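> The structure is given below, and queries will be raised subsequently.
The values are calculated or read from the model by the stated rules, or taken from the named source; none is laboratory data. For clarity, every value in this text was computed on a predicted model and none was experimentally measured. When we count neighbours, we look across all protein chains shown, and the Cβ atoms used for this are built from the backbone with ideal geometry, even at glycine. The protein model used for the area step is the full one, side chains on, heavy atoms only, and it has no ligands, DNA or RNA in it. Shrake-Rupley method; radii C 1.70, N 1.55, O 1.52, S 1.80 Å.
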Amino acid sequence: MPDASALPAAPLSAPAAALRVLVLGATGTIGQATVRALLRQGHQVSCLVRPHAGPGGRLAADATARLLPGATLRWGDVTDPAALARDGLAGERFDALVSCLASRTGVPADAWAIDHQAHLHALAAAQQAGVRQMVLLSAICVQKPLLAFQQAKLAFERALMAGGLTWSIVRPTAFFKSLSGQVARVQQGRPFLLFGDGALTACKPISDDDLGDYLAGCLTDPARHDRILPVGGPGPAITPRQQGELLFRLAGRPPRFKQVPVALLDAIVAVLGTAGRLVPALAAKAELARIGRYYATESMLVWDAAAGRYDADATPSFGSRTLADHADLLAGRTTTERGDHAVF
Ligand SMILES: NC(=O)c1ccc[n+]([C@@H]2O[C@H](COP(=O)([O-])OP(=O)(O)OC[C@H]3O[C@@H](n4cnc5c(N)ncnc54)[C@H](OP(=O)(O)O)[C@@H]3O)[C@@H](O)[C@H]2O)c1
């Protein structure tokens with residue numbers, strides 16, 4: 001599988017020719033950042049969005065429009081096989097499809113419906129309309145797929161690679177918002193939660209805007225074409241304990257941690273897994289527990305299968321914003337879009 005080892009910076013000036021780009025998942029955290037980046041890079045951006053967007057469908061049309069200034073909004077349902085052609089492309093010429101679409105829950109049925117099936121419909125419509133390029137937001141964790149949503153993402157990655165379009169599959173490490181639940185705890189004077197000793201995992205968090213720039217830059221940087229692109233933010237990999245120490249330093253408080261044994265997560269997964277075989281509603285909760293356990297024990301770094309370990313040095317860095325200089329962190333503004341995806 002092709003992979004990226006060195007990442008040139010995204011072009012900062014407008015491209016010679018503005019591209020016409022249709023964006024899916026524009027209302028999500030990274031979708032919004034990607035639309036901003038596409039517009040900054042000089043492209044014409046249309047977004048296919050649903051009438052009630054946002055976590056829990058709380059955004060009405062006017063609120064959605066305020067999230068995406070400068071983009072043209074088109075309304076439709078990505079789960080409808082005909083929607084992309086009819087409501088999104090609408091018979092016009094587009095150069096590229098950029099997708100930040102992702103299940104908001106991560107539970108299996110939703111993941112297969114959105115991360116896989118809706119993307120297959122979108123790819124088919126793009127092929128039919130002569131769209132030449134697609135950029136996909138995926139996730140670094142699909143390199144070690146143990147969860148249903150990772151299998152759903154991988155299945156679409158394979159379809160995209162075989163689909164005849166120029167493709168870029170971007171697999172980022174952790175987003176800044178993955179810390180947002182802990183920010184709220186620290187703000188409330190509660191301890192930072194750690195699994196094990198807080199050094200079981202590490203990641204290179206990437207800011208929304210840096211990731212948006214990276215995704216948008218895939219359109220015009222040939223070095224990112226037809227490649228799987230793991231990407232993290234700048235600086236060294238950090239463990240959850242180091243993230244906690246940073247948060248307390250920013251808050252001007254002495255660090256306080258509460259350690260949760262991984263064995264407790266294992267027990268929760270086992271109990272819910274058994275109960276889920278009898279009560280369907282608990283099956284979804286069991287999958288959420290498995291997702292939680294995965295992130296408590298697996299690093300968001302490039303996996304070296306031969307060595308059987310995660311490799312921070314092999315995880316490419318991009319962008320300029322680190323958690324340490326992210327002023328919004330303690331102001332709580334990273335928490336706003338956490339929504340239904342709270343386990344991430
Ligand atoms: N969190 C992390 O640290 C992390 C790290 C690496 C990779 N990732 C990956 O990044 C992706 C999540 O990105 P994000 O945080 O930007 O996602 P997000 O904020 O949850 O946004 C998801 C987007 O998909 C759309 N969507 C979901 N279900 C839909 C449906 N049924 N119909 C129409 N649209 C739907 C949402 O639209 P609505 O507004 O209409 O709901 C929204 O635009 C996931 O693939 C995840 O695996 C996450």
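> List the relative contact order of region 78-221 as a percent without decimals, with contacts defined as Cα pairs under 8 Å and 6+ residues apart.
Rounded, it is 23 percent for region 78-221.
> Moving on to the next point. I'd like to verify something in the chain: which complete DSSP H helices, judged by Cα projection on the helix axis, reach 18 Å or more and average at least -0.5 on the Kyte-Doolittle scale?
Flagged H segments are 148-161, 262-278, 280-297.
> What is the dipole size for region 183-283, taken about its Cα centre, with +1 at each Lys and Arg Cβ and -1 at each Asp and Glu Cβ, in debye to the nearest 20?
580
> Residues with amide H under 5 Å of V98's amide H, sequence separation 5 or more or different chain, H placed in the peptide plane at 1.01 Å from N; which?
Answer set, sorted by chain and number: L22, V23, L24, V135.
> Ignoring ligands, DNA and RNA, please state the percent of accessible area on the chain from carbon and sulfur, probe 1.4 Å.
57
> Send over the Kirkwood Rh of region 162-255, from the inverse of the averaged 1/r over different Cα pairs, rounded to one decimal Å.
15.2
> Where the centroid of each part is defined by its Cα atoms, how far is region 230-309 from region 180-207 in Å?
10
> May I pose another question? K204: which lysines have alpha carbons under 20 Å from its alpha carbon, excluding same-chain residues fewer than 8 sequence positions away?
Here the lysines satisfying the reach criterion relative to K204 are K144, K177.
> Can you give the Rg and Dmax of region 105-201 based on its C-alpha atoms, in angstrom?
Here Rg and the maximum Cα pair distance are 17.4, 55 Å.
> Here's another thing I want to ask about it. So how much accessible area does T105 have, in Å² to the nearest 10, using a 1.4 Å probe?
It works out to around 40 Å².
> Please grab the % of Cα pairs in the chain that end up more than 27 Å from each other.
For the chain, the fraction of Cα-Cα distances above 27 Å is 45 percent.
> What number, rounded to the nearest 500 deg cm²/dmol, is the helix-based mean residue ellipticity at 222 nm of the chain, given -39500 (n - 2.57) per DSSP H run of at least four residues and division by all its residues?
-10000 deg cm²/dmol, from helical runs alone.
> Then there is this: What accessible surface, in Å², does a 1.4 Å probe find on K258, ignoring ligands, DNA and RNA and rounding to the nearest 10?
We get 110 Å² for K258.
> With a 1.4 Å probe and every protein chain left in place, work out the accessible area per residue of the chain in Å², rounded to a whole number.
Heavy-atom accessible area per residue stands at 42 Å².
> Here's a follow-up. Can you give the accessible area of L154, probe radius 1.4 Å, in Å² rounded to 10?
Estimated to the nearest 10 Å², L154 gives 20 Å².
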